[in-house]
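Taken together, the values in this text are just the output of simple stated rules run on the coordinates, not laboratory data. All of these numbers come straight from a predicted model, not from anything done at the bench.
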Amino acid sequence: MQSVIRCTHYVAGASEQHYINKADAPDVKFIRRDDISDSGKAYTELS
C-alpha cells in the first residue's frame, strides 16, 4: 500500500481492522474510523 501511494496515515473502518496486516506498512499510522450510524448521510466538507 505505502509503496504505491506513499501514504503516512490510513483511516480504516471496523471491518478493515480484521484483515489489514499492519506489519506490511510499518511507517503508516493506522487510524480507526468512527462508526457511521447512517452511512447515507456520511460525508466530509472541503474547506
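Observations on the structure shown:
- Nonlocal amide H pairs with Cys7, under 5 Å, H built at 1.01 Å: none
- 3J(HN,Hα) from dihedral phi, the range 28-39, Karplus parametrisation 6.51/-1.76/1.60, rounded to Hz, x for glycine, proline: 9, 8, 8, 10, 7, 6, 4, 5, 10, 6, 9, 4
- Length available on full extension from Arg32 to His9: 0.36 nm per residue minus the Cα-Cα distance, which gives 7.2 nm.
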